[in-house]
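The values are calculated or read from the model by the stated rules, or taken from the named source; none is laboratory data. Nothing here was measured: the structure is a model prediction, and the numbers come from that model. Here the Cβ positions follow ideal geometry from the backbone for every residue, glycine too, while neighbour counts run over all protein chains shown.
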Amino acid sequence: MSSFSEEWLRLRFPADKKARNKRLDKLFSRHILRFCETQSTVRIHDLAAGSGASLKALLPHLVQCQEQLSWCFYDNDPKLLAVSKEIAQREALSISPIICDLNIPEFFQTHSLVPAVTSSAFFDLVSESWIELLATYLLGVGSTALFSLTIDGRYELSPPHAFDTQVMFAVRQHQQKNKGFGPALGCEAAAFMIECFNKVGFTVLTGQSDWLLDYHDNQLQQELIQGWYSAALQMGLGESTLEVWRAFRLAALSKQESKIMLGHCDILINPN
Ligand SMILES: C[S@@+](CC[C@H](N)C(=O)[O-])C[C@H]1O[C@@H](n2cnc3c(N)ncnc32)[C@H](O)[C@@H]1O
């Protein structure tokens, strides 16, 4: 299953929704409600929106000003963006899908990302220089932003296996391969973003949004294990080691004993 396919996004959505840091969701929504007091239309720009996971998670906090909101979905996958039409019709919302490559220098010159920006499950793909560009741009235009579900490198696999450390080390290396934005931040993303946003002068709030997966999430766990197997194999870890590791993990899964904690971080930035 590709990491950007609609199937994968649908599979991960319940875990993402449960994991999101509710305090930061509410604080961000409070900023939006405040904008709605003084502006007839308030734009929320969702970078790498995919099939609209951020909107679905934030909407319950924004019902009272829903009619004033105009959502702009930016993504380079037209198939994912097509779902915005369904959401717009079903929820009676204003959503503009914008097919674009976020990794072109002109992106920040051609779009006015005010007054609010959001994004989720995206920043492990980008490079340090892209985050620096984003931070400088957002401070310049004075936008508030909520960036949710960025992996931060923490994990716990239960029951433990002797090969966990080497497999996850190889997975981390794979996460830092180029995903179209230069060397990817991978699990360094959250720490780098926090440092960068502080450095340029934002007020930065952070909160954990860890995936806590148990037998209710067996299909998601299975996809993760398979994905980690393939990533580690690509990074040169021995196939026999990986076969032993995968067999152990899948056996624990079939006995409903497998649990996975995957560390994520949510980040709220405010220019004031
Ligand atoms: C893991 S998905 C997250 C989607 C959504 N934000 C969510 O939380 O479900 C990453 C998204 O980044 C988009 N993406 C990756 N590279 C991109 C690029 N260069 N320009 C625009 N979108 C990109 C993919 O199409 C995909 O929708």
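On the given criteria, is SER96 under 24 Å from ARG30 (Cα atoms) and in contact (Cβ under 8 Å) with a residue 60 or more places away in the chain? Let's see the steps before the verdict.
Values: under 24 Å from ARG30 (Cα atoms): yes; in contact (Cβ under 8 Å) with a residue 60 or more places away in the chain: no.
No; evaluated as a whole, the condition is false for this residue.
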Residues in the stretch 71-78: is at least one over 26 Å from ASP210 (Cα atoms), near the ligand (Cβ under 9 Å from one of its atoms) and not hydrophobic (A, V, I, L, M, F, W, C)? yes
Check off (1) hydrophobic (A, V, I, L, M, F, W, C); (2) crowded, with 19+ Cβ neighbours inside 10 Å; (3) at pLDDT 95 or above for VAL83 and give me the number that stays unchecked. (3)
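Right, ALA191: free of Cβ contacts under 8 Å to residues at least 12 places away in the same chain and either outside any loop (DSSP other than H, G, I, E, B) or surrounded by 13 or more Cβ atoms within 10 Å (Cβ to Cβ) (or both) or not? Before the answer, list the steps.
Details: free of Cβ contacts under 8 Å to residues at least 12 places away in the same chain: no; either outside any loop (DSSP other than H, G, I, E, B) or surrounded by 13 or more Cβ atoms within 10 Å (Cβ to Cβ) (or both): yes.
Criteria not met by ALA191.
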Per the list (1) touching a helix residue (DSSP H, G or I) at 6+ places or on another chain (Cβ under 8 Å); (2) β-branched (Val, Ile, Thr); (3) within 24 Å of ASN103 (Cβ to Cβ); (4) surrounded by fewer than 21 Cβ atoms within 10 Å (Cβ to Cβ), residue check on THR206 breaks on (3)
Yes/no for PRO14 being exposed (fewer than 14 other Cβ atoms within 10 Å of the Cβ) and in contact with an Asp or Glu (Cβ under 9 Å, 6 or more places away or on another chain): yes
Checked pairs for the stretch 107-133, first without any contact (Cβ under 8 Å) to a residue 60 or more places away in the chain, second in a helix (DSSP H, G or I) and away from the ligand (no atom under 11 Å from the Cβ), C-beta under 6 Å and 6 or more apart or across chains, list as PHE108/TYR137
Residue in the stretch 155-179 that is surrounded by the most Cβ atoms within 10 Å (Cβ to Cβ), counting only those that are within 16 Å of the ligand (Cβ to nearest atom) and more than 16 Å from the chain's Cα centre (by Cα): VAL171
Is there a residue being in contact (Cβ under 8 Å) with a residue 60 or more places away in the chain and either loosely packed, with under 14 Cβ neighbours inside 10 Å or away from the ligand (no atom under 11 Å from the Cβ) (or both) anywhere in the stretch 48-55? no
Within the stretch 207-220, is even one residue farther than 30 Å from LEU138 by Cβ, free of Cβ contacts under 8 Å to residues at least 40 places away in the same chain and within 23 Å of the chain's Cα centre (by Cα)? yes
In the stretch 8-47, anything away from the ligand (no atom under 12 Å from the Cβ) and among the charged types (D, E, K, R) is listed as LYS18, LYS22, ARG23, ASP25, LYS26, ARG30, ARG34, GLU37, ARG43
